[in-house]
Structure formats: C-alpha cells, structure tokens
Ligand code: DGY
C-alpha cells in the first residue's frame, strides 16, 4: 500500500517531486485557518507521515491519525510537539539541527549590531528625511567589539554566536548552560558563570536555549533586575523563555538599554504589542533561519528524515530515541 504523507508546509518543486515519487502527498498550506484545520483533520486518518513546521500538533489532533509513524519537523526547536505522547505511541519525531546553526547565529549578531548601533532607528530617520545635520550624542550607539558577550544555552547555536563574538569582535565570552563545556571554554576562551552572575556581568545577554518545561519563564522581573542600564538583551531562542511583560517594564524603565528580539510569547507579534511602542526595541519576525539557502537545506533534511522513517530506517535527526527502540522491540 502506498504511504500517505501530509505536508503542512510547501516544499520546493525538486523536493516535492522526490517526496511524490515515494508517497501520496496531501498539501495543506494553511493549517491554522478553520478551513485548513478541517482539511487536516480529514486527512489525518490516512496519514503515515507528517512534515511541516510552526503548528502545535497536540494529542487531540494526533489521536485522529492511527497509522502515523513519523512527524518530521522543519525546525530545530521541538516545543510544538508533545514528545511523551509521540513516544508513547511509538511515533518518531525528527528535527533539522546543524543546517540552520550558522544562519541563526548570524541573526543573533544582526540583532546585536542593530540594537547597539541603533541601525533600524537611525536608518528610519534618514528614510523619513529627518537627517538634517550631523548626528550628535543623542543618536550615538554603543560599541560591540570588546564588550562582554553573555550566552545562555551553549548548544550548537550558542557556540556559533560565541565564535562570532570571540574571533570576529574580540568579545570576552561568558556562558551559562546546564553543563560545563570544556571544548567551548578552550576554543573561545569562554568562562562559565551562574545565571545570576552572567546577568550582572554581561554587556550583551543572548538567549539561545530551547523552550522546555525547565526554561519556560526563566528570565523574569527578578532576572531583569540583575541586569544593568547598559545591558542589551537578545532573544533568538523562544519567546516563552522570557516573561514578556517583565521585559517591557525593564525596557520602559531603562533598567536595560535595549532588546533585539526575533521571538515572542505570541507569534505573529500583535500589532498593538507594547514592545512596538518602544524605541529601544528591534523586533524581527522569527527569521532566525530564514534565508533561501538555509530554509531549503532544512526542508531537504526534513524530507530525508521522513523518507528514512517511512522506509523503516532510523532517521538521522531522531529526537525521541525511545520511540525507535520501542519499534525495534
Ligand atoms: C527552529 O528551527 O526552531 C526555528 O526557530 C524556526 O522555528
């Protein structure tokens, strides 16, 4: 019997062709609309595999898919999935690490530069015809090179941010992570700090850790109170790692200098968000990995993982190892 795959994200023509050569494919481009969701619910009973991103796939929805063997996410983050539920049913979950590491670290640095040097604000001034004389201290930014870069979460992306800071900008690197990373310390001369010490000491506090039950709300009012008026806060991880209201207060009261944010509690960020009223915020639309090359590489990786799983092989980027072992037993 032909395998049936539901795509809830559009693929490039070559990837679509590859997938269609191996499986019957149903494309649902708008799964978040009532109509798209209804079509998804109709297709789930026949699905052997799912491939997509940015959609909360909860147990209620997946209970409609008794044949499901694999969910292949086009993302590195897996906070949209109930991993215990998938594992309990022996459904493999795969993600797309590695291929997006450098691009996401580039985004982190874009936000560091944009906030410190006030790039968006000053470029808008020029565009609006407000550049009428040489700029003075009221428009000056702050240096990036040589400042202390504090990274919270030293996984692949944290490491790539450290590499840029250390080699590119001569920044002393501090980090906080659930475990010490001797190789990172040796390579980037990085120093481990407790969370509180890092927040007090770093000039740039950059979040690169995953959203889990342990990290949700990790940075709140207490943590912003430890930062200094010079601190610049960067989030390229997940919005829910931060208490957004506490961050808004810290930015309003100039308890911290600025924030560069690619992720938010609610996405898309509502147009009436208080964050958008603040001139010391640079907000981008969850674009960490959003380049043509990287998004195609992620999609290719997700198709590879999906096809391996459908062929009964272990996907390269398997998230829930226990589901695989239970299938082998
Ligand atoms: C990821 O891959 O997790 C990115 O944040 C896109 O969701």
Restricting attention to segment 54-62, does a residue exist that is under 26 Å from residue 311 (Cβ atoms), within 16 Å of the ligand (Cβ to nearest atom) and buried (at least 16 other Cβ atoms within 10 Å of the Cβ)?
-> yes
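Here is a yes/no grid of residues against (1) free of Cβ contacts under 8 Å to residues at least 12 places away in the same chain; (2) within 19 Å of the chain's Cα centre (by Cα):
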{"position": "221", "(1), (2)": "no, no"}
{"position": "226", "(1), (2)": "no, no"}
{"position": "229", "(1), (2)": "no, no"}
{"position": "236", "(1), (2)": "no, yes"}
{"position": "239", "(1), (2)": "no, yes"}
{"position": "247", "(1), (2)": "no, yes"}
{"position": "270", "(1), (2)": "yes, yes"}
{"position": "276", "(1), (2)": "yes, no"}
Residue check, residue 204 touching a residue at least 40 places away in the same chain (Cβ under 8 Å) and touching a strand residue (DSSP E or B) at 6+ places or on another chain (Cβ under 6 Å) = yes
Subset tally (residues that are loosely packed, with under 15 Cβ neighbours inside 10 Å and within 16 Å of the ligand (Cβ to nearest atom)) for segment 293-315 | 1
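Tell me, please, whether a residue that is surrounded by fewer than 18 Cβ atoms within 10 Å (Cβ to Cβ) and farther than 25 Å from residue 264 by Cβ can be found in segment 208-217.
For segment 208-217, residues surrounded by fewer than 18 Cβ atoms within 10 Å (Cβ to Cβ) and farther than 25 Å from residue 264 by Cβ: absent.
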Could you give me the residue pairs with C-beta distances under 9 Å whose first residue belongs to segment 91-104 and is closer than 12 Å to residue 322 by Cα, whose second residue is near the ligand (Cβ under 9 Å from one of its atoms) wherever it lies, and which are 6+ apart or on separate chains?
-> 93/73; 93/78
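Which residue is surrounded by the fewest Cβ atoms within 10 Å (Cβ to Cβ), if the candidates are limited to segment 70-105 and must be within 12 Å of the ligand (Cβ to nearest atom) and over 22 Å from residue 240 (Cα atoms)? Talk me through it step by step, then tell me what you get.
Of all residues in segment 70-105, those within 12 Å of the ligand (Cβ to nearest atom) come to 73-81, 95-101, 103-104.
Filter once more, keeping what is over 22 Å from residue 240 (Cα atoms): 98-99.
Values: 98: 14, 99: 20.
Going through the qualifying residues, I end up with 98.
Residues are listed down the side, and each one gets a yes or a no for (1) in contact with a helix residue (DSSP H, G or I) (Cβ under 7 Å, 6 or more places away or on another chain); (2) in contact (Cβ under 8 Å) with a residue 60 or more places away in the chain:
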residue: 58; (1), (2): no, no
residue: 69; (1), (2): yes, yes
residue: 80; (1), (2): no, no
residue: 115; (1), (2): no, yes
residue: 126; (1), (2): no, no
residue: 135; (1), (2): no, no
residue: 142; (1), (2): yes, yes
residue: 154; (1), (2): yes, no
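Throughout, read-outs are computed from the coordinates displayed, never taken from laboratory work. Model, not experiment: these values are computed from the prediction. Note: ideal-geometry Cβ built from the backbone for every residue, glycine included; neighbour counts use all protein chains shown.
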